[in-house]
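Since the structure comes first, as C-alpha cells, the remarks are kept for the end.
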Amino acid sequence: MSTFPISIPRPVHPTGIWGWFTTVDHKRIGILYGVTAFIMFLTGGVEAILMRVQLAGPELDIVSAAVFNQLFTMHGTTMIFLAVMPLSAAFFNFIIPLQIGARDVAFPRLNAFSYWTFLAGALMLKLSWIGGATDAGWFGYAPLTSVAQNPGTGIDFWIISLQILGIASLAASFNFIVTVINMRAPGMTMMRLPLFTWMSFITAILLVLAFPVITVALIELTFDRYFMFNFFNVANGGSVVLWQHLFWVFGHPEVYILILPAMGIVSEVLPVFSKKPLFGYKTVVLAGIIIAFMGWMVWSHHMFTVGLGAVANAVFTVTTMLIAVPTGIKVFNWLGTIWGGSIRFTTPMLFSIGFIAMFLMGGISGVMHAVSPSDAQQQDTYFIPAHLHYVLFGGAIMGILSGIFYWFPKYSGKMYSERQGKISFWLIMIGQNVTFFPMHFVGLDGMPRRIYTYADNMGWNFWNGVTTGGAFILVLGFLLVLDNIGRHWKNGEPAPSDPWDARTLEWSIPSPPPEYNFKEIPIVRSLDDWWATKQGGANKEVPASGGSEENGHDIHLPQPSYWPFVSAAGLLIAAYGVVFNDLLIPWGLAAIGLTIGFVGVYAWSLEPVNDPEEEDSTH
Amino acid sequence: MRLQKISKTSFLIATTLLTLLITACYPDHNQSTFDPQGPVAESQLHLFWWIFWGGLVVFVLVEGALVYAMIKFRVRSESDIPAQTHGNTRLEIIWTAVPALLLLIIMVPTINGLFYMYEAPKTTKPEHTLEAIGHQWWFEFRYPDPTNSEKEIVTANEVYIPVGYPVAINLESVDVIHSFWVPKLAGKTDMVPSEGNFMWFQADEPGEYYGQCAEYCGTSHANMKFKVIAVPEPDFKSWLQVQSNPALESSDPLAQEGAGVFKSAGCTGCHATKTVVNKGSKGRVGPNLAHVASRRNLAAGMLRNSDENGSVNDALLQKNLRTWLQDPNEVKPGNLMSSGAQVYTDPDKKLTEEQISQLVHYLSSLK
C-alpha cells in the first residue's frame with residue numbers, strides 16, 4: 001500500500017451519522033435504500049394526489065396543463081425508478097445475504113456505491129422540479145424530447161438522472177448476481193435457495209441485460225439534444241419509432257424487474273403463514289425463469305397502434321398471450337400453497353393474499369390488451385392505467401408492503417402493531433379498488449390517458465370523482481403504515497429471533513442480526529433448512545445475541561469506506577455539470593465532478609486495510 | 001369476524017364487477033366503446049366481450065378458490081402442523097395446459113380480427129380515401145378533388161364521410177406522434193411523423209361522432225379533438241362541392257374590414273382561406289379557415305358553435321370566435337398562435353377590441 005498517494009486511513013467503525021455515510025454493511029445499506037425509496041414513494045404519491053384533485057371533476061383549474069404533464073411524467077418515473085425498484089433493492093440488500101447464510105454481499109463497497117449513486121440520481125430527478133420538470137412522459141417518446149419541442153432543462157435532468165440510476169442498478173445487480181453465485185453457505189445449492197433470493201437473482205440478471213438498452217437509447221437522445229445528432233429527427237432521416245423499440249425492449253423486461261421481487265416476497269410469506277412449504281418449488285422457480293426469458297419477446301405489445309403491420313402485431317399478440325401461462329402457474333401454485341394449510345391472517349399474510357387477488361385482475365386485463373384488435377380501443381385510454389396499477393400497485397406495492405411487515409421484526413428488532421397493520425391493509429385494499437377499478441370504466445368509455453382535463457359532456461364525471469375519493473383512502477392507509485413502522489421501530493416490543501415460526505435462515509439469527517450476521521456459517525441440508533432444523537429437533541442452536549464475547553472481533557468483516565460516497569458525489573456534480581454545461585467555463589462543472597468521481601474510484605481501489613493483522617490473516 | 005370481512009370483500013368485488021356490466025349499458029356517452037356504429041368498432045367490441053366473459057370465468061374460479069381456501073384452511077390451533085405437501089405434478093401440468101389451451105382458442109378470432117382491421121374492403125372507392133394529418137393540437141383533413149386528380153381539398157377538425165361506405169384514411173403527422181381515434185367507429189391508429197399509417201372504418205348511421213387524439217402530444221394533448229360527421233352519400237358530395245369553393249363574400253361592412261385585418265394582422269401567414277391545393281403539398285401551420293363558420297366546433301373541438309341538431313348558431317359562433325381571439329392560450333394552453341403570432345407576442349401589436357369585432361364578423365361570414 002506504499003503506492004497509495006493520498007494517505008487517508010480507512011474510517012474506523014465510525015458511529016452516528018458518519019457511520020451511515022461510510023457503512024458497507026449490507027443491512028444498513030438496505031435500510032438506507034428502504035427509507036430513501038419510501039420517501040420517494042411518498043413524493044410520487046403527492047404527485048398522484050395533485051393529478052387526482054385536478055381530475056376530480058370536469059374542466060377544473062387546480063394545476064395548469066403544463067404542470068399536469070410534468071406531474072404524470074414525474075409520477076411514473078418516480079414510482080418505477082425511485083420507489084418500486086429501490087424498495088426491492090432494499091430487500092435484496094437486507095435479506096439475500098441472510099437467506100443464503102453469508103456475512104455480507106460479494107462487493108460491500110460497490111454496494112454502498114450503488115446506494116449513494118441511486119440517491120444522486122433520485123436527487124437529480126426530484127430537484128428538476130425547480131425550473132420545470134420533464135413533461136414528455138416517463139416513456140419519453142421522440143420527438144417530444146427533442147430540443148425543438150422541449151428546450152428546457154427538464155428532459156436533460158431526466159436523461160442524466162436515468163443514466164445515473166442505471167449505473168446504480170447495474171452495480172447493484174452485478175453485486176447480487178456474484179453474491180448469489182459465490183457466497184452461498186455450504187449446502188445451499190441453487191435449488192435450495194429461498195424463493196425470494198431466486199426471484200431477486202433473476203431480476204438482477206434481467207436488469208444487467210435490460211438497462212444497457214435504455215442506456216444506449218438515452219445516449220442517442222443526449223447526442224440528439226446536445227450535439228445535433230439525428231437519431232430521432234425525422235427531418236434528417238432519423239426515426240421516432242426507433243426510440244419506441246429501444247424504450248420498450250428495455251421497458252417490458254423492466255415490468256418483470258418490478259414484479260418478480262414482489263412475487264418472491266409473496267412466495268416467502270404464503271408458506272410461512274400457511275405452515276406449509278411452497279407448492280411446487282421447482283415449477284415456481286422455472287416459471288420465474290420462463291417469464292424473464294419471454295419478457296424479451298413481447299415489447300411490441302406496447303406499440304400495437306404504431307402501425308407495425310398485421311403480421312408483427314399477430315406475432316406479439318401470440319407471445320404476449322403465452323406469457324400469461326407461466327404467470328398463471330405462479331398464481332395456481334400460490335393457491336396450492338395455502339390449500340390445506342393452517343392460515344394465520346397476520347398483516348404480511350393479508351398483503352400477500354391481497355397481492356394474489358389484485359394481481360390476478362391485472363393479469364386478466366393484461367390478456368385483454370394482448371388481443372390487439374380490441375386493444376386498439378384500449379391503448380392510451382384509462383383502461384391502461386387501470387391495468388398497470390393493478391399489476392404495479394396491487395402487485396408490486398402490495399408485495400413490498402407484505403415484505404415490509406414480514407421482515408419488520410428482523411430489520412428493526414421490534415414488533416409492529418398487528419391491529420394497526422390490519423386496519424391499514426383494509427384501507428389500502430379498499431382504497432386501491434375504489435381508485436383503480438373505475439379507471440376501467442372511463443377507459444372503455446373513451447377517456448384518453450394523460451389528459452389534464454375533460455369536458456363536462458363526456459359522461460366521465462362520476463367515476464373520476466370516485467377515483468379521486470379512493471386516492472384519499474389510500475393516503476389514509478399509507479399514513480397508518482408510516483405511523484406503524486415509525487412508532488414501533490422506535491418503541492415497539494422487542495422481537496424474538498423467529499416470531500413467525502418461519503422457514504428460512506434469516507430467522508435463525510437474532511433480530512436485528514448482529515453486524516456479522518452468523519456467528520458460525522450455517523450448513524444447509526435441505527430446502528427450508530431452518531424449518532427442517534426446528535422440526536427435526538436437531539440441536540442447531542439459535543445463536544445468542546450481543547454477548548460481550550460475540551462482538552465479532554474474531555470475524556473478518558468488510559471495513560467502512562469514505563470512497564463510495566465520494567465517487568457518487570462526484571457523479572452527482574458531474575451530472576449537474578452536464579445539464580448546466582455553460583456555467584462559467586463550458587463543461588467545467590462536469591469536469592470537476594468527473595475528477596472527484598475518478599479520485600474516489602482510484603482511492604477506493606488502493607484503499608488500505610485498517611488492521612495489519614487482519615490484512616495478514618485474510619486474503 | 002374475520003370471515004365476515006373476507007366474504008364482504010368478495011361480495012364487494014362481485015358487485016363492482018356487476019357495476020362494470022351496468023356501465024356497459026351507457027351507449028349514449030360520446031366516446032363509449034360500447035356503442036359501436038360501424039363494422040370495425042363492432043368487431044373490436046365483439047372480441048372484447050369474448051375475452052371479457054372468458055376472463056370473468058377465470059376471475060370467479062380463481063378468486064373463489066382463494067376465498068374458499070382462506071375460510072376453509074384458516075388456523076384452528078397454533079400448534080397444528082398441516083401435511084407438508086411439496087407439490088403435485090399432475091395438477092401442475094393441468095394448470096399449465098388448460099390456460100394455454102384457452103389462450104390458443106382466443107388467438108384464432110384475435111388474429112382474424114387483426115387482419116380484418118388492417119385491410120380496407122376491396123369495395124372502398126378511391127374518392128372515399130382521405131388523409132388525416134396531425135398537428136399540435138388540431139387535425140387537418142384532405143379529400144381527393146373529384147374534378148382534378150392533381151388537387152386536394154383541405155379542411156380541418158371536422159371530417160365528413162358518406163354513410164354506409166368504407167372510408168380509407170391515410171394518417172400522417174407534421175410534428176410529434178398523435179393518434180387518430182373515433183371510439184364509435186374504430187380503435188385508434190397512431191399518426192407517426194414520416195411513417196405514414198393507414199386505417200379504415202365505416203359509419204352505418206348518419207350522425208356526429210366524437211374523436212380525440214389518443215397519444216400524448218404535448219401541452220394541449222387534452223384539447224385536441226375532432227368530429228366525424230357521417231351523412232348520406234349525395235349530401236357528402238354536395239358538401240365536398242361547397243368545400244372546394246371559397247366562401248361567398250359578405251356584404252357586411254364590418255366583415256369586409258375584418259378581411260383587411262385578417263391580412264394586415266398576419267393571420268394569412270398561417271391560415272389559408274382557399275381549400276384547393278396541389279396534391280401532397282405542404283399545408284399551412286394553422287387550420288384552413290375557408291369555411292370555418294360552417295363548422296360545428298371551433299378550436300379543434302374545444303368550443304361548440306352549433307345547436308343540438310347540428311346547425312351552426314351564429315350567436316354562439318361569434319361568442320366563441322371572440323373568446324378564442326381574445327386569449328387563445330386560455331382555451332388551448334401552449335398553442336402556436338399565442339406563442340407565435342405577433343398580435344399575441346408583441347404588446348404593441350395587440351389586437352384592439354374593434355379589430356377583434358371586425359375579425360369575428362369576417363370569420364363568421366366564412367360559411
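Below is a table of values for the structure above.
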| read-out | value |
| --- | --- |
| Breaking point among (1) more than 7 Å from every other protein chain (Cβ to nearest Cβ); (2) farther than 23 Å from A:LEU335 by Cα; (3) of a type in the set (A, V, I, L, M, F, W, C), for A:VAL371 | (1) |
| Breaking point among (1) within 14 Å of chain A (Cβ to nearest Cβ); (2) of a type in the set (Val, Ile, Thr); (3) more than 21 Å from the chain's Cα centre (by Cα), for B:THR219 | (3) |
| In segment B:246-296, the residues that are hydroxyl-bearing (Ser, Thr, Tyr) and either in a helix (DSSP H, G or I) or surrounded by 16 or more Cβ atoms within 10 Å (Cβ to Cβ) (or both) | B:SER250, B:SER264, B:THR268, B:THR273, B:THR275, B:SER294 |
| Search result, residues across segment A:309-328 that are more than 7 Å from chain B (Cβ to nearest Cβ) and either under 21 Å from B:ASN88 (Cα atoms) or touching a residue at least 40 places away in the same chain (Cβ under 8 Å) (or both) | A:PHE316, A:THR320, A:PRO326, A:THR327 |
| Of all residues in segment A:492-536 being in a loop (DSSP other than H, G, I, E, B) and among the basic types (Lys, Arg), the one that is surrounded by the most Cβ atoms within 10 Å (Cβ to Cβ) | A:ARG503 |
| Residue under evaluation A:GLY57, criteria (1) away from chain B (no Cβ under 14 Å); (2) closer than 28 Å to A:GLY395 by Cα; (3) of a type outside the set (A, V, I, L, M, F, W, C); (4) surrounded by fewer than 24 Cβ atoms within 10 Å (Cβ to Cβ), criterion not met | (2) |
| Among residues of segment A:337-353, those that are within 9 Å of another protein chain (Cβ to nearest Cβ) and either of a type outside the set (S, T, N, Q) or out of contact with any helix residue (DSSP H, G or I) (no Cβ under 7 Å at 6 or more places or on another chain) (or both), counted | 8 |
| Evaluation of A:ILE364 against (1) within 29 Å of A:ASN464 (Cα to Cα); (2) facing chain B (nearest Cβ under 7 Å); (3) buried (at least 23 other Cβ atoms within 10 Å of the Cβ) (one fails), failing number | (3) |
| Flag if A:VAL331 is more than 8 Å from chain B (Cβ to nearest Cβ) and of a type in the set (A, V, I, L, M, F, W, C) | no |
| Top-ranked residue of segment B:222-232 - restricted to ones that are surrounded by 15 or more Cβ atoms within 10 Å (Cβ to Cβ) and over 30 Å from A:VAL63 (Cα atoms), ranked as farthest from the other protein chains (Cβ to nearest Cβ) | B:VAL231 |
| Answer from B:LEU56, B:LEU47 - the residue that is touching a Gly at 6+ places or on another chain (Cβ under 6 Å), facing chain A (nearest Cβ under 10 Å) and at pLDDT below 95 | B:LEU47 |
| Yes/no for B:PHE115 being more than 9 Å from chain A (Cβ to nearest Cβ), among the aromatic types (Phe, Trp, Tyr) and surrounded by 12 or more Cβ atoms within 10 Å (Cβ to Cβ) | no |
| Qualifying residues in segment B:77-97 (those that are at the interface with chain A (Cβ under 7 Å from one of its Cβ atoms) and of a type in the set (D, E, K, R)) - the one farthest from A:GLY354 (Cα to Cα) | B:ASP80 |
| Filter pass, A:GLY477 being more than 7 Å from every other protein chain (Cβ to nearest Cβ), in contact (Cβ under 8 Å) with a residue 24 or more places away in the chain and assigned to a helix (DSSP H, G or I) | yes |
| Any hit, segment A:390-405, residues being touching a helix residue (DSSP H, G or I) at 6+ places or on another chain (Cβ under 7 Å), within 14 Å of another protein chain (Cβ to nearest Cβ) and of a type in the set (Val, Ile, Thr) | no |
| Qualifying residue in segment B:212-224 (condition: within 19 Å of B:ASP35 (Cβ to Cβ) and either at pLDDT below 95 or not in a helix (DSSP H, G or I) (or both)) | yes |
| Residue check, B:ALA100 at the interface with chain A (Cβ under 7 Å from one of its Cβ atoms) and within 23 Å of A:GLY341 (Cβ to Cβ) | no |
| So B:ILE93, is it aliphatic (A, V, I, L, M), farther than 30 Å from B:PRO328 by Cα, surrounded by 19 or more Cβ atoms within 10 Å (Cβ to Cβ) and outside the structural domain of B:ASP190 (by TED's automatic domain parsing) | no |
| Within segment B:207-225, tally of residues that are without any contact (Cβ under 8 Å) to a residue 60 or more places away in the chain and hydroxyl-bearing (Ser, Thr, Tyr) | 1 |
| Filter result (in a loop (DSSP other than H, G, I, E, B), within 7 Å of chain A (Cβ to nearest Cβ) and either touching a residue at least 24 places away in the same chain (Cβ under 8 Å) or surrounded by 24 or more Cβ atoms within 10 Å (Cβ to Cβ) (or both)) within segment B:194-206 | none |
| Test result for A:ILE384, over 22 Å from B:ALA97 (Cα atoms) and either at the interface with another protein chain (Cβ under 7 Å from one of its Cβ atoms) or not small (Gly, Ala, Ser) (or both) | yes |
| Residues satisfying the stated conditions in segment B:207-216, i.e. touching a helix residue (DSSP H, G or I) at 6+ places or on another chain (Cβ under 9 Å), of a type outside the set (Ser, Thr, Tyr) and more than 7 Å from every other protein chain (Cβ to nearest Cβ) | B:CYS213 |
| Segment A:134-165 - residue that is of a type outside the set (Val, Ile, Thr), in contact with a Leu (Cβ under 8 Å, 6 or more places away or on another chain) and closer than 18 Å to A:TYR576 by Cα and, of those, nearest to the other protein chains (Cβ to nearest Cβ) | A:TRP158 |
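This table checks each residue for (1) at negative phi; (2) more than 14 Å from chain B (Cβ to nearest Cβ); (3) under 25 Å from the mean Cα position of the chain (by Cα); (4) assigned to a helix (DSSP H, G or I).
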site: A:THR435; (1), (2), (3), (4): yes, no, yes, yes
site: A:PHE441; (1), (2), (3), (4): yes, no, no, yes
site: A:ASN464; (1), (2), (3), (4): yes, no, no, yes
site: A:TRP489; (1), (2), (3), (4): yes, yes, yes, yes
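The values are calculated or read from the model by the stated rules, or taken from the named source; none is laboratory data. Quick caveat: nothing in here was measured; it's all calculated off a predicted structure. All Cβ positions, even for glycine, are placed from backbone atoms using ideal geometry, and neighbour counts span all protein chains on display.
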